[in-house]
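Engineer: Mind having a look at this structure? Questions to follow.
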Amino acid sequence: MTAKSMNMSPRMSPRRIGRRMSPRNELSPIRARNLLKPLPESPPLRRWATRAVGAGLAAAAYLLCLPWDLRNRPETPGAINETSPVTALGITALAVSMLSLAAYFGFRDRLVLALLLVAGPPATLMYVSFDSHPEPDAAVWPLAWGFFVLVMGAGVLAVAGFARLFRDSEA
């Protein structure tokens, strides 16, 4: 292989060749191929920034799809049901956004990190929301929280594992 076939000048030393072929820096522009490259192979700054954005998107999806009504009051005096701003459309939108994030991070990252990044922030926000309820709910909300976290975690792991199959088939 000659210097001409490698598209280099004959005066380039091996040291300069190595510098030319190495990545420039960690803040290089984001390209489409970098958006699907496995995260453990990415530079640390880009890897952790992507993970932070993913966790932030999961938290934002929970807050937008399931708005909080901190007043937690019964509709009529003596009723045991409280008002809730949660709708079927909000739950569906949350599920679609979380499963999309799970597929993305399952394809790009480790399964455990996909679980923590996608299901962790909504589980934490749900805990804070349930903990803000008045005392009459205190006997039921830990069970409800545990059930919902289990369902979210199982869904995220299933979708992330399925998406990971596609990454392994490409390699």
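Engineer: Among the residues in region 77-85, are any at pLDDT 80 or above, assigned to a loop (DSSP other than H, G, I, E, B) and aliphatic (A, V, I, L, M)? It would help to see each step written out before you state the result.
Structural biologist: Just the residues of region 77-85 that are at pLDDT 80 or above, to begin with: none.
No: zero hits.
Engineer: Mind listing whichever residues of region 35-70 are more than 16 Å from the chain's Cα centre (by Cα) and aliphatic (A, V, I, L, M)? So that I can check it myself, show each step before the final result.
Structural biologist: To start, the set of residues in region 35-70 that are more than 16 Å from the chain's Cα centre (by Cα) comprises 41-45, 66-70.
Correct list: LEU45, LEU66, LEU70.
Engineer: Quick one: in region 104-119, of everything that is modelled with pLDDT under 95 and small (Gly, Ala, Ser), which residue is farthest from PHE148 (Cα to Cα)?
Structural biologist: My answer is GLY106.
Engineer: Being more than 30 Å from PHE162 (Cα to Cα), modelled with pLDDT under 70 and part of a helix (DSSP H, G or I) is true for just one of ARG11, ARG33, ARG24, ARG20. Which residue is that?
Structural biologist: ARG20
The values are calculated or read from the model by the stated rules, or taken from the named source; none is laboratory data. Just so you know, these numbers come straight off a predicted model, no measurement behind them.
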